[in-house]
1. What single numbered condition from (1) loosely packed, with under 13 Cβ neighbours inside 10 Å; (2) away from DNA strand D (no atom under 15 Å from the Cβ) fails to hold for residue B:62?
2. I'd like to check which strands (runs of 3 or more DSSP E) are fully inside region A:33-137 and have at least 2 residues that are at pLDDT below 90.
3. Within region B:5-20, count every residue that is within 14 Å of chain A (Cβ to nearest Cβ) and more than 9 Å from DNA strand C (Cβ to nearest atom).
4. Looking at the structure I just gave you, is residue A:26 within 13 Å of DNA strand D (Cβ to nearest atom) and more than 11 Å from chain B (Cβ to nearest Cβ)?
5. Where residues in region A:59-73 are over 20 Å from residue A:4 (Cα atoms) and within 12 Å of DNA strand C (Cβ to nearest atom), which of them is nearest to the other protein chains (Cβ to nearest Cβ)?
6. Quick check on my filter: what residues within region B:20-32 are in a helix (DSSP H, G or I) and touching a helix residue (DSSP H, G or I) at 6+ places or on another chain (Cβ under 9 Å)?
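The values are calculated or read from the model by the stated rules, or taken from the named source; none is laboratory data. What you see is a predicted model; the values in this text were computed from it and never measured. Positions of Cβ are backbone-derived with ideal geometry, glycine not excepted, and every protein chain shown enters the neighbour counts.
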DNA sequence: CCAAAAATGATAATCATTATCATATACTTT
DNA sequence: AAAGTATATGATAATGATTATCATTTTTGG
């Protein structure tokens, strides 16, 4: 197997058209509206595309797995309190050459990067001081 | 609820002693050997600690969820072919001030960062050229 | 100390994901 | 082009990490 199957192509193209990361189930529903495809096939295609370095996944704080095409290099700041993810304007690794091709003997296709903390509204409700040190005990 | 419960403390301390990220199930087995604790409690403690910013999770390519204490700021390069994760020596965001405290109005507690690609042995078996462009079709 | 609230442990339930298997499709050989 | 072989697919059953449930225990606050 050295090329993309029709199903994998359909999955990749659908992902490339998504404005936001999407779940496997939602992707299945989306594609199924236009062509015959099985849920298992969507999962298999996603897995294959992941291993090809074309698709990446991110698991949210709530445990949901979301997929996106790797060329959509998007990063988020996720609030630990309300769970909202705020997209960053640019990739923080922009200036880091090693992030984009090689690190030592390792060939890099893509990276994942996310920040976790408190958004402004939540840090007012739950001041940094109390929360962080409370967990220290 | 403004402080750490005994179970949460046990979970956090166990995590802080782990040389590597660990699964919830393995953590449960580990702690249970020393004290009475339920599996559901381990999961609840992990979730609470995650929301407190003390614990983070990472989901491997194989779908396994691993947890670590956030002070163990470790990053990996993961091979898409063999699935092996190679730890980085230092945090690539070391020089990025915004990564460690504030980004705009967002208070940052921790970040996750991982690179995906091919390790040297696998890139010999599966040259970059063929794999990447084959998926372009 | 006591009532109320929160956390716990055992275990059943959930559901995203994967395994199974018959069939379809793609690839290779004749 | 046909036949043989290999791979992928779709429907659906199975899986297992994780969460819900509930009686009980522990913690909190007055």
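1. (2)
2. Of the strands (runs of 3 or more DSSP E) lying wholly inside region A:33-137, those with at least 2 residues that are at pLDDT below 90 span A:106-118.
3. 4
4. Criteria not met by residue A:26.
5. Looking at the filtered set, the residue picked out is A:59.
6. B:24, B:25, B:27, B:28, B:30, B:31, B:32 - these are the residues of region B:20-32 that are in a helix (DSSP H, G or I) and touching a helix residue (DSSP H, G or I) at 6+ places or on another chain (Cβ under 9 Å).
Every residue, every condition in (1) near DNA strand C (Cβ under 10 Å from one of its atoms); (2) in contact with a strand residue (DSSP E or B) (Cβ under 6 Å, 6 or more places away or on another chain), yes or no:
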| position | (1), (2) |
| --- | --- |
| B:25 | no, no |
| B:30 | no, no |
| B:38 | yes, no |
| B:45 | yes, no |
| B:50 | no, no |
| B:53 | no, yes |
| B:57 | no, yes |
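Each row is one residue, and each column tells you yes or no for (1) under 30 Å from residue A:124 (Cβ atoms); (2) near DNA strand D (Cβ under 9 Å from one of its atoms); (3) more than 10 Å from every other protein chain (Cβ to nearest Cβ).
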site	(1), (2), (3)
A:32	no, yes, yes
A:43	no, yes, yes
A:54	no, no, no
A:75	yes, no, no
A:78	yes, no, no
A:81	yes, no, no
